[in-house]
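Just below is one structure, and these are the notes that go with it.
Derivation of every value follows stated rules applied to the coordinates shown; laboratory data play no part. These figures come from a predicted structure and were not determined experimentally. So basically every Cβ, Gly included, is an ideal-geometry build from the backbone, and we count neighbours across all protein chains shown.
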Amino acid sequence: MRVPPTMAAGTVARMGSAATNVSAKPADGKITSINPATGALLGEVPDQTPAEVRAAVEAARQAQREWGARPVEERARRVARYAEVLMVHVEEVIDLLVRESGKTRLEALGMEVIVVADLVRYFAKHAPRMLAPEPIPLHLLKHRASYLHFVPRGVVGIIAPWNFPLAIPIGEVMMSLIAGNGVVLKPSEVTPLIALLARELYVEADLPPDLFQVVTGRGATGAALIDAGIDYCVFTGSVATGRKVAAACGERLIPYTLELGGKAPAVVCADADLDRAAQAIAWGGFANAGQVCASVERVYAVDAVHDALVERIVRCARELRQGDASSGAEVDVGAMAWDQQVATVERLVDGALAAGAKLEVGGKRGSGPGQFFQPTVLTGCRQDMDVMRKEIFGPVIPIMRVADEDEAVRLANDSHLGLLAYVFTRDRERGKWLAERIEAGTVMVNDVLATYACPETPWGGVKRSGIGRTHSILGLRDLCETRHVNHDRIAMPREVWWYPYRLGTFRALLRGAKLMFGKRFWQC
Ligand code: NDP
């Protein structure tokens, strides 16, 4: 496999299996990547400077000029090859995902690799239609015609979190490329190696090497990327950083998409299939060790089914096997990727218990060198507890008893976040009715999390959960400038409203306006 000179740090990924102890201090200007399940050092990457970031953007811009001029069909066909190369190296990619982020092998395959492969194939097939010029029927000026066309933005800067280090940024990278852009990706400092490996595969797929660059570093490198002349920014991360990114983009008038935090509620109705609801909630709360922006972060169970639901969720939680997936052991819940997040989860659980919540299962950090938090179920939670209001981003399911579905929906909407939400009921029509009343970018009825794996559906939040959408035709078109062309359909010497203004023209226009707009709306 070829490694581009600028990405020499990517070779670290392949050396990662020879792990040394994490206590080794990183050299100056370097960032270390560790296995969160063991604490073993996986590799080092450079903490890149603003000048290096600017050079990466400039290189991507040079390459984009030629790439963006190619027909979308050709771009799509070439990017489609990425899925094949990903499959050739699927074991290696899963292995690094497990070692660098602590997730299980099944999660690495199902929630990362397959998501990217399917997204690539989906947009390779449908982008030519989605980005084809779109006529706009004109309402008044019938002698003219309008259409939209979609032009690559230039260089897209992508700033990514650590929880899905492949699926989130590489999905966005592939969509940006098909849309005709160059890309510079700043992965999280917690998971840089997987981004570098993903770029190696990109080069192996015979795509233009300079067109997609990875710059490694900390938050300052992300800030430098926004300052490096990018034309669009796709940011995924916390609300707090999202505000800084929005301010920096606003100052430079760079358009952006923000995919921020979530606090997904699950509303469990009296007629819910409790076995399905409990399994869905347990998986939705514990998958990826709870580090999913769409995780079930609070449950509102109506009084009639509360106890039976809790009993089932607790049973699911007790059966889960937690451990180091990189050891080859079969585990259900892996390590948490970031040590500081473990402390946040611990603080929220301790706070809830101190405020009167009841611990049903879990509640503690795991023992051993790695970063683990036990799958935890809390009952007796109240809406004023931090655990019900702040993003947990760990394997914790807080449950609250409510009188009825109206109260559940009211409490579900009582949040500054609105990314995903879930409703459980056997009555599909009522489920849809409730779903439409919940303030979230996506509401799923009788399921959890899964729509991130549907590239055809929009992903994004309302309220403080974000601005704009990734995935779907909406997300693809956001990666383009939507431009408008208006042209004549018939040759005319002049328009009637041009100079010189004449009284006769005014009277004719007035007569026409009265005829057209004076009638009742429904008579038109
Ligand atoms: P952060 O906001 O801490 O970081 C996200 C990225 O921004 C990282 O690459 C980080 O770099 C970088 N960054 C930090 N400071 C700046 C800055 N001033 N300017 C530009 N970039 C900066 O988020 P986390 O990585 O902790 O991710 C967890 C969060 O992401 C959760 O809130 C979660 O809900 C959200 N998320 C949202 C998703 C969605 O689709 N809506 C999906 C997945 C996660 P570094 O890591 O090196 O500090």
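Could you tell me which of the residues ILE226, ILE254 is among the aliphatic types (A, V, I, L, M), surrounded by fewer than 21 Cβ atoms within 10 Å (Cβ to Cβ) and in contact (Cβ under 8 Å) with a residue 12 or more places away in the chain? Quick ask: steps written out before the conclusion?
On the way: ILE226 fails: surrounded by fewer than 21 Cβ atoms within 10 Å (Cβ to Cβ).
From the options ILE226, ILE254, the qualifying one is ILE254.
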Residue among LEU359, LEU378 that is buried (at least 19 other Cβ atoms within 10 Å of the Cβ) and among the hydrophobic types (A, V, I, L, M, F, W, C): LEU378
Odd one out for CYS293, checked against (1) more than 9 Å from the ligand (Cβ to nearest atom); (2) under 16 Å from the mean Cα position of the chain (by Cα): (1)
Filtered residues of the range 32-47 (kept if among the polar types (S, T, N, Q), touching a Gly at 6+ places or on another chain (Cβ under 7 Å) and under 11 Å from GLU189 (Cβ atoms)): SER33
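Conditions tested, residue by residue: (1) more than 30 Å from ILE226 (Cα to Cα); (2) without any contact (Cβ under 8 Å) to a residue 60 or more places away in the chain; (3) touching a helix residue (DSSP H, G or I) at 6+ places or on another chain (Cβ under 6 Å).
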residue	(1), (2), (3)
ALA266	yes, no, yes
ALA280	yes, no, no
VAL292	no, no, no
ARG298	yes, no, yes
ALA301	yes, no, yes
ALA304	yes, yes, no
ILE313	yes, no, yes
ASP324	yes, no, no
Single match in VAL333, VAL345, VAL349 (criterion: within 16 Å of the ligand (Cβ to nearest atom) and under 18 Å from PHE393 (Cα atoms)): VAL345
Among (1) in contact with a helix residue (DSSP H, G or I) (Cβ under 8 Å, 6 or more places away or on another chain); (2) away from the ligand (no atom under 16 Å from the Cβ), the one test that GLY394 misses: (2)
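So is ALA282 of a type in the set (Gly, Ala, Ser), on the phi < 0 side of the Ramachandran plot, assigned to a helix (DSSP H, G or I) and within 9 Å of the ligand (Cβ to nearest atom) or not? Walk me through how you get there before you give the answer.
Numbers: of a type in the set (Gly, Ala, Ser): yes; on the phi < 0 side of the Ramachandran plot: yes; assigned to a helix (DSSP H, G or I): yes; within 9 Å of the ligand (Cβ to nearest atom): no.
Here the answer is no, as ALA282 does not meet what is asked.
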Filtered residue count, the range 225-237, keeping only those that are over 11 Å from the mean Cα position of the chain (by Cα) and not acidic (Asp, Glu): 7
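Kindly indicate which of VAL173, VAL183, VAL151, VAL155 is touching a Gly at 6+ places or on another chain (Cβ under 7 Å) and within 18 Å of ILE230 (Cα to Cα). Break it down into steps so the answer makes sense when it comes.
Working: VAL173 fails: touching a Gly at 6+ places or on another chain (Cβ under 7 Å); VAL183 fails: touching a Gly at 6+ places or on another chain (Cβ under 7 Å); VAL151 fails: touching a Gly at 6+ places or on another chain (Cβ under 7 Å).
One residue alone meets the criteria, VAL155.
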Qualifying positions in the range 453-467 - under 17 Å from ILE438 (Cα atoms), out of contact with any Gly (no Cβ under 6 Å at 6 or more places or on another chain) and more than 10 Å from the ligand (Cβ to nearest atom): PRO458, ARG464
Qualifying helices (runs of 4 or more DSSP H) (wholly inside the range 161-278; at least 3 residues being more than 8 Å from the ligand (Cβ to nearest atom)): 167-178, 192-204, 239-252
Flag for GLY157 being within 10 Å of the ligand (Cβ to nearest atom), of a type outside the set (Val, Ile, Thr) and either within 19 Å of SER465 (Cα to Cα) or touching a residue at least 60 places away in the same chain (Cβ under 8 Å) (or both): yes
Odd one out for ASP478, checked against (1) over 21 Å from ARG389 (Cβ atoms); (2) of a type in the set (Asp, Glu); (3) away from the ligand (no atom under 16 Å from the Cβ): (3)
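Can you tell me which of LYS125, LYS103 is closer than 30 Å to ASP339 by Cα and touching a residue at least 24 places away in the same chain (Cβ under 8 Å)? Give the steps one after another, and end with the answer.
On the way: LYS125 fails: closer than 30 Å to ASP339 by Cα.
That would be LYS103, the only listed residue that is closer than 30 Å to ASP339 by Cα and touching a residue at least 24 places away in the same chain (Cβ under 8 Å).
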